[in-house]
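Student: Structure incoming, see below.
The values are calculated or read from the model by the stated rules, or taken from the named source; none is laboratory data. Nothing here was measured: the structure is a model prediction, and the numbers come from that model. Here the Cβ positions follow ideal geometry from the backbone for every residue, glycine too, while neighbour counts run over all protein chains shown. Only protein heavy atoms, including side chains, enter the accessible area calculation; ligands, DNA and RNA are left aside. Shrake-Rupley method; radii C 1.70, N 1.55, O 1.52, S 1.80 Å.
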Amino acid sequence: MVWMSRLPKLHGKCHGNNRFLKEREMPKKQEEIDEADQEDASLYALYASRSDISDAQKRAELAELLTIRVTHTNLERHLDRLHQILRVAAENAGFNGKTKLMTYSALSKAIKADCERRRLENALFLRVTQPKLRLRWAGGRALAPNLGPPGSRDFRLSSDRWAGFTF
(Lines give C-alpha, C1' and ligand atoms only; values in the text may rest on other atoms or scores of the structure.)
Protein backbone atom coordinates (compact mmCIF):
# COMPACT_ATOMS: atom_id res chain seq x y z
CA MET A 1 0.00 0.00 0.00
CA VAL A 2 2.94 2.32 0.58
CA TRP A 3 3.93 1.67 -3.01
CA MET A 4 0.44 2.68 -4.13
CA SER A 5 0.69 5.91 -2.13
CA ARG A 6 3.45 7.02 -4.52
CA LEU A 7 1.15 6.79 -7.57
CA PRO A 8 0.35 10.12 -9.22
CA LYS A 9 -3.24 11.24 -8.79
CA LEU A 10 -3.87 11.03 -12.54
CA HIS A 11 -2.36 7.57 -13.01
CA GLY A 12 -4.03 5.61 -15.77
CA LYS A 13 -5.92 8.68 -16.98
CA CYS A 14 -3.77 9.28 -20.06
CA HIS A 15 -5.32 8.71 -23.43
CA GLY A 16 -5.47 5.03 -24.35
CA ASN A 17 -6.46 3.14 -27.45
CA ASN A 18 -9.34 4.29 -29.61
CA ARG A 19 -10.66 3.59 -33.09
CA PHE A 20 -7.78 5.50 -34.69
CA LEU A 21 -4.91 4.19 -32.57
CA LYS A 22 -5.30 0.56 -31.57
CA GLU A 23 -1.73 -0.35 -30.66
CA ARG A 24 -0.87 2.33 -28.10
CA GLU A 25 0.81 0.93 -25.01
CA MET A 26 -0.41 2.05 -21.62
CA PRO A 27 2.40 2.89 -19.20
CA LYS A 28 2.94 0.57 -16.27
CA LYS A 29 2.28 1.86 -12.76
CA GLN A 30 5.95 1.66 -11.77
CA GLU A 31 6.87 3.70 -14.85
CA GLU A 32 4.38 6.39 -13.86
CA ILE A 33 5.78 6.44 -10.30
CA ASP A 34 9.36 6.65 -11.59
CA GLU A 35 8.51 9.50 -13.96
CA ALA A 36 6.75 11.47 -11.20
CA ASP A 37 9.65 10.82 -8.81
CA GLN A 38 12.16 12.07 -11.38
CA GLU A 39 10.19 15.27 -11.94
CA ASP A 40 9.95 15.80 -8.19
CA ALA A 41 13.67 15.07 -7.70
CA SER A 42 14.61 17.76 -10.21
CA LEU A 43 12.38 20.25 -8.34
CA TYR A 44 13.89 19.24 -4.99
CA ALA A 45 17.40 19.74 -6.41
CA LEU A 46 16.46 23.14 -7.81
CA TYR A 47 14.99 24.38 -4.52
CA ALA A 48 17.73 22.83 -2.36
CA SER A 49 20.31 24.87 -4.27
CA ARG A 50 18.47 28.14 -3.61
CA SER A 51 19.73 30.13 -0.65
CA ASP A 52 17.67 33.29 -1.11
CA ILE A 53 14.54 31.91 0.63
CA SER A 54 13.87 30.01 3.86
CA ASP A 55 13.05 26.30 4.08
CA ALA A 56 9.44 27.11 4.91
CA GLN A 57 9.17 29.25 1.77
CA LYS A 58 10.82 26.49 -0.26
CA ARG A 59 8.24 23.97 0.99
CA ALA A 60 5.39 26.38 0.26
CA GLU A 61 6.54 26.88 -3.33
CA LEU A 62 7.28 23.16 -3.78
CA ALA A 63 3.77 22.25 -2.63
CA GLU A 64 2.39 24.01 -5.70
CA LEU A 65 4.86 22.42 -8.14
CA LEU A 66 5.27 18.80 -7.00
CA THR A 67 3.34 15.94 -8.56
CA ILE A 68 0.01 15.38 -6.85
CA ARG A 69 -0.21 11.85 -5.43
CA VAL A 70 -3.13 9.55 -4.62
CA THR A 71 -5.13 10.69 -1.58
CA HIS A 72 -5.44 8.74 1.65
CA THR A 73 -9.17 8.22 1.05
CA ASN A 74 -8.45 6.71 -2.35
CA LEU A 75 -5.87 4.39 -0.79
CA GLU A 76 -8.48 3.24 1.72
CA ARG A 77 -10.82 2.45 -1.18
CA HIS A 78 -8.09 0.43 -2.91
CA LEU A 79 -7.49 -1.45 0.36
CA ASP A 80 -11.22 -2.19 0.64
CA ARG A 81 -11.26 -3.60 -2.90
CA LEU A 82 -8.27 -5.81 -2.10
CA HIS A 83 -10.07 -7.11 0.99
CA GLN A 84 -13.17 -7.77 -1.08
CA ILE A 85 -11.17 -9.69 -3.71
CA LEU A 86 -9.53 -11.80 -1.01
CA ARG A 87 -12.88 -12.55 0.68
CA VAL A 88 -14.42 -13.68 -2.61
CA ALA A 89 -11.34 -15.80 -3.32
CA ALA A 90 -11.69 -17.41 0.11
CA GLU A 91 -15.39 -18.14 -0.42
CA ASN A 92 -15.32 -19.33 -4.03
CA ALA A 93 -11.79 -20.42 -4.89
CA GLY A 94 -10.61 -21.99 -1.65
CA PHE A 95 -8.04 -19.30 -0.77
CA ASN A 96 -6.63 -20.08 2.69
CA GLY A 97 -4.56 -16.94 3.38
CA LYS A 98 -5.44 -13.81 5.31
CA THR A 99 -8.41 -11.91 3.89
CA LYS A 100 -7.59 -8.68 5.74
CA LEU A 101 -4.22 -7.20 4.84
CA MET A 102 -4.19 -4.19 7.18
CA THR A 103 -6.52 -1.79 8.94
CA TYR A 104 -7.03 1.86 8.15
CA SER A 105 -4.95 2.88 11.17
CA ALA A 106 -2.13 0.53 10.09
CA LEU A 107 -2.31 2.08 6.61
CA SER A 108 -2.05 5.58 8.09
CA LYS A 109 0.92 4.56 10.24
CA ALA A 110 2.69 2.93 7.27
CA ILE A 111 2.26 6.02 5.08
CA LYS A 112 3.36 8.31 7.93
CA ALA A 113 6.45 6.15 8.55
CA ASP A 114 7.31 6.24 4.84
CA CYS A 115 6.96 10.04 4.78
CA GLU A 116 9.20 10.37 7.84
CA ARG A 117 11.80 8.08 6.25
CA ARG A 118 11.74 10.16 3.07
CA ARG A 119 11.97 13.38 5.09
CA LEU A 120 15.16 12.08 6.72
CA GLU A 121 16.60 11.51 3.25
CA ASN A 122 15.38 14.86 1.92
CA ALA A 123 14.63 17.72 4.32
CA LEU A 124 12.28 19.35 1.78
CA PHE A 125 10.17 16.21 1.16
CA LEU A 126 6.41 16.74 0.90
CA ARG A 127 3.67 14.27 0.02
CA VAL A 128 1.27 16.45 -1.96
CA THR A 129 -2.33 15.31 -2.33
CA GLN A 130 -5.42 17.10 -3.54
CA PRO A 131 -8.53 15.83 -1.79
CA LYS A 132 -11.97 16.78 -3.04
CA LEU A 133 -13.39 19.91 -1.51
CA ARG A 134 -16.85 19.13 -0.25
CA LEU A 135 -18.82 22.23 0.69
CA ARG A 136 -21.36 21.88 3.45
CA TRP A 137 -24.91 23.05 2.91
CA ALA A 138 -24.75 26.34 4.78
CA GLY A 139 -27.82 28.47 5.35
CA GLY A 140 -27.00 30.94 2.59
CA ARG A 141 -26.31 28.20 0.08
CA ALA A 142 -29.46 26.25 0.98
CA LEU A 143 -31.63 29.33 0.51
CA ALA A 144 -30.28 30.17 -2.94
CA PRO A 145 -33.08 31.24 -5.29
CA ASN A 146 -32.73 28.32 -7.69
CA LEU A 147 -32.70 25.70 -4.94
CA GLY A 148 -36.10 26.42 -3.41
CA PRO A 149 -39.30 24.54 -4.16
CA PRO A 150 -40.32 24.96 -7.81
CA GLY A 151 -43.79 26.35 -7.22
CA SER A 152 -42.88 28.93 -4.61
CA ARG A 153 -40.96 31.50 -6.62
CA ASP A 154 -42.13 34.15 -9.04
CA PHE A 155 -40.56 33.37 -12.42
CA ARG A 156 -40.52 35.87 -15.28
CA LEU A 157 -39.30 35.27 -18.80
CA SER A 158 -36.72 37.76 -19.98
CA SER A 159 -37.87 38.01 -23.59
CA ASP A 160 -39.88 41.07 -24.70
CA ARG A 161 -42.79 38.96 -25.91
CA TRP A 162 -43.58 37.76 -22.40
CA ALA A 163 -42.45 40.90 -20.54
CA GLY A 164 -45.58 41.46 -18.44
CA PHE A 165 -46.58 37.83 -17.99
CA THR A 166 -45.95 36.08 -14.67
CA PHE A 167 -46.08 32.31 -14.29
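Student: Looking at I53, I33 in this structure, which one is β-branched (V, I, T), at pLDDT 90 or above and outside any helix (DSSP H, G or I)?
Tutor: I53
Student: Please state which of the following conditions A89 fails to meet, knowing it meets all the rest: (1) of a type in the set (A, V, I, L, M); (2) assigned to a helix (DSSP H, G or I); (3) within 20 Å of I33 (Cβ to Cβ).
Tutor: (3)
Student: Of all residues being in a helix (DSSP H, G or I) and over 22 Å from L7 (Cα atoms) in region 36-50, which is least open to solvent (accessible area, probe 1.4 Å)? Just the residue, please.
Tutor: Y47
Student: While we're looking at this one, here's another question. How many residues, within region 118-137, are assigned to a helix (DSSP H, G or I) and either surrounded by 12 or more Cβ atoms within 10 Å (Cβ to Cβ) or at pLDDT below 90 (or both)?
Tutor: 2
Student: Can you confirm whether T99 is more than 20 Å from K9 (Cβ to Cβ) and either basic (K, R) or outside any helix (DSSP H, G or I) (or both)?
Tutor: Answer is yes for this residue.
Residue-wise test of (1) of a type in the set (A, V, I, L, M, F, W, C); (2) out of contact with any Ser or Thr (no Cβ under 8 Å at 6 or more places or on another chain).
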position	(1), (2)
R77	no, yes
D80	no, yes
V88	yes, yes
A93	yes, yes
G97	no, yes
Y104	no, yes
I111	yes, no
C115	yes, yes
